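First comes the structure, then the notes that go with it.
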Amino acid sequence: MSLATILTNQVIDHIYKNGGWGFRASSTGIYDEKARTFRTAPKKGVADILACYRGRFIAIEIKIGKDHLSPEQQGFLANVTHYGGLSVVVKDFDQFVSWWQNNCPQVTP
């Protein structure tokens, strides 16, 4: 399992454990056997994880090592923020937890 997959799973698990909902959004092309070619994803740049927490839409992009945002990814995250959602680029789990604590208020008993 790759580091990106491990981090993605940790982030999704954290979201669920804190009362949110999220999933890994696959935006890779799919091989079409009949046409013998790849069909492109419907939307380039979609974040790796899409989530909802207490009524807020959250887009999370996972980046490991020297990996960087493509222009389409930058645009996707900017649009999410522009329309009232939250977006973040995550390089490690501790950074994500810190971001979560600062941006996703917990329900107090």
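Annotations for the structure displayed:
- Residue match in the stretch 60-69 (condition: touching a strand residue (DSSP E or B) at 6+ places or on another chain (Cβ under 9 Å) and part of a helix (DSSP H, G or I)): no
- Verdict on A51 being surrounded by 11 or more Cβ atoms within 10 Å (Cβ to Cβ), assigned to a strand (DSSP E or B) and at pLDDT 95 or above: yes
- Pairs with Cβ under 7 Å, 6+ apart, first in the stretch 64-83 and within 16 Å of A4 (Cα to Cα), second at pLDDT below 95 and surrounded by fewer than 12 Cβ atoms within 10 Å (Cβ to Cβ): I64/L3
- Qualifying residue in the stretch 25-44 (condition: in contact with a helix residue (DSSP H, G or I) (Cβ under 9 Å, 6 or more places away or on another chain) and modelled with pLDDT under 85): yes
- Residue match in the stretch 25-36 (condition: surrounded by 13 or more Cβ atoms within 10 Å (Cβ to Cβ) and under 27 Å from V97 (Cβ atoms)): yes
- Hits in the stretch 49-68 - residues which are closer than 13 Å to S87 by Cα and either in contact with a helix residue (DSSP H, G or I) (Cβ under 6 Å, 6 or more places away or on another chain) or not hydroxyl-bearing (S, T, Y) (or both): I49, L50, A51, C52, R56, F57, I58, A59, I60, E61, I62
- Residue match in the stretch 79-86 (condition: over 14 Å from C104 (Cα atoms), in contact with a Phe, Trp or Tyr (Cβ under 8 Å, 6 or more places away or on another chain), of a type in the set (V, I, T) and not in a strand (DSSP E or B)): yes
- E72 meets each of the listed conditions (1) in contact with a Gly (Cβ under 6 Å, 6 or more places away or on another chain); (2) within 24 Å of Q101 (Cβ to Cβ) apart from (2).
- Extreme residue, surrounded by the most Cβ atoms within 10 Å (Cβ to Cβ), among residues of the stretch 87-109 that are in contact with a helix residue (DSSP H, G or I) (Cβ under 9 Å, 6 or more places away or on another chain) and either assigned to a strand (DSSP E or B) or among the charged types (D, E, K, R) (or both): V90
The values are calculated or read from the model by the stated rules, or taken from the named source; none is laboratory data. Remember, predicted model here, so these are calculated numbers, not experimental data. A quick note on method: Cβ atoms are made from the backbone with ideal geometry, for glycine too, and the neighbour counts reach across all protein chains shown.
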